[in-house]
Amino acid sequence: MPISKPVVYVTQSTFDLADDTLLNIVHAPLITTETLSFDASVLNQHYDWLVMTSKNTVKHFLPYFDQLQADRISSIGVKTTEALNSSGIQVDFEPSTYTQEGFIEEFDIRPGQKILYPASAKKRPLMRDYMKQSGADVTEIDLYYPKVYEQTIKTIKENISSIDYLTLSSPSAVDSLLGQLDQKALSGIQLIAIGHVTQSRLNHYGLKAVTPEHETLGHMIELIKESIKQ
């Protein structure tokens, strides 16, 4: 009799994993995004850097690249870089650690540089504050707003007894889930947080999670595979 594969719910909004021989992977995005309007006149200025922080940022900002005047483009990590590259846009800087903290540690800013920073309206302030405190002239764009994907919450509630692993990739995803679901309901599920910021948010709710070596969905899946081999 064949052994059933562990059920893994992947809650990232974007999903690019192929079928897996070891795991039953279910795509269950917790966050959807709503595009926000902004003053497009900020695109008429010349910038030293455009700072891109996620695949969602790339998706929502892509229509404005033809108007952009920026000497160089930075990316927070490999998935953001891949999203840019797939649209024919080259990246000049990517940190070795795919976090705001890694970006801050490696991104060199000279006072007076003009930086365009489109991102989520609910972004963490860490990068923005670093750039401003380093003397940069930062123009922020609230590009999109994250919203709870209600259908996913319903699906998780209906299937919670069959879920073995649940991946979480942002504090906002954690808040979306725990705003709709009692933490006790997750006690029998192994939670995988993409990094320490998401892990800390889970800890805030009294939940524990493990994190992979690198902050990508692929590494979260590899961590799960390693755990089932033990």
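A few notes on this one:
- In Å², nearest 10: area of PHE65 left accessible to a 1.4 Å probe: 30
- Over the residues of the chain, the helix contribution to mean residue ellipticity at 222 nm works out to -8500 deg cm²/dmol, using -39500 (n - 2.57) for each DSSP H run of at least 4.
- In sequence order, the range 194-206 has phi-based couplings of 5, x, 5, 5, 5, 4, 5, 5, 5, 4, 4, 8, x Hz under the Karplus curve 6.51 cos²θ - 1.76 cosθ + 1.60, θ = phi - 60°, and Gly or Pro positions carry x.
- Accessible area in the full protein assembly, largest first, 1.4 Å probe, for ASP20, ASP66: ASP66, ASP20
- Inter-site label distance for ALA40 and PHE65 at 7 Å from Cα along Cβ, in nm: 1.8
- The accessible area of GLU34, taken with all protein chains in place and a 1.4 Å probe, comes to roughly 80 Å².
- Relative contact order of the chain, defined on C-alpha pairs under 8 angstrom at six or more residues apart (%): 20
- Using a Gaussian network model of the chain in which every pair of alpha carbons under 10 angstrom is joined by a spring, one finds that among THR155, THR32, THR139 the greatest mean-square fluctuation is at THR155.
- Centre-to-centre, using Cα atoms only, the range 98-130 and the range 32-57 are separated by 13 Å.
- Mean Cα-pair separation over length for the range 88-164, i.e. relative contact order, pairs under 8 Å, 6 or more apart, %: 28
- Share of carbon and sulfur in the accessible heavy-atom surface of the range 34-145 [1.4 Å probe, %]: 44
- Structure-derived Cα Rg over 2.2 N^0.38 Å: which label, when the choices are (i) 1.00; (ii) 1.08; (iii) 1.42: (ii)
- Per residue accessible area of the chain, 1.4 Å probe, in Å²: 51
- Shape parameters for the range 29-142, alpha-carbon atoms, Rg then Dmax in Å: 13.2, 40
- Environment charge of ILE156, counting only residues whose C-beta is closer than 15 Å and scoring Lys/Arg +1, Asp/Glu -1: -2
- Charged neighbours of GLN45, selected by a Cβ distance under 14 Å, balance to -4 (K, R count +1; D, E count -1).
- Assuming charge only on the beta carbon of Lys and Arg (+1) and of Asp and Glu (-1), the dipole of the chain about its Cα centre is about 620 debye to the nearest 20.
- Under a Gaussian network description of the chain, with springs only between Cα atoms under 10 Å, the residue in ARG201, ARG110, ARG72 that fluctuates furthest is ARG110.
- Remark: for residue pairs LYS154/LYS184; LYS157/LYS208; LYS157/LYS184; LYS122/LYS157; LYS59/LYS123, the C-alpha separation exceeds 23 Å in LYS122/LYS157.
- Hits among aspartates and glutamates - C-alpha to C-alpha of LYS5 under 20 Å, sequence gap 8 or more where chains match: ASP16, ASP19, ASP20, GLU158, ASP164, GLU222, GLU226
The values are calculated or read from the model by the stated rules, or taken from the named source; none is laboratory data. Since the model is a prediction, treat every value here as computed from it, not as a measurement. Positions of Cβ are generated from backbone atoms using ideal geometry, with glycine treated the same way; all protein chains shown enter the neighbour counts. Just so you know, the surface numbers come from the protein's heavy atoms only, side chains and all, with ligands and any DNA or RNA stripped out. Shrake-Rupley method; radii C 1.70, N 1.55, O 1.52, S 1.80 Å.
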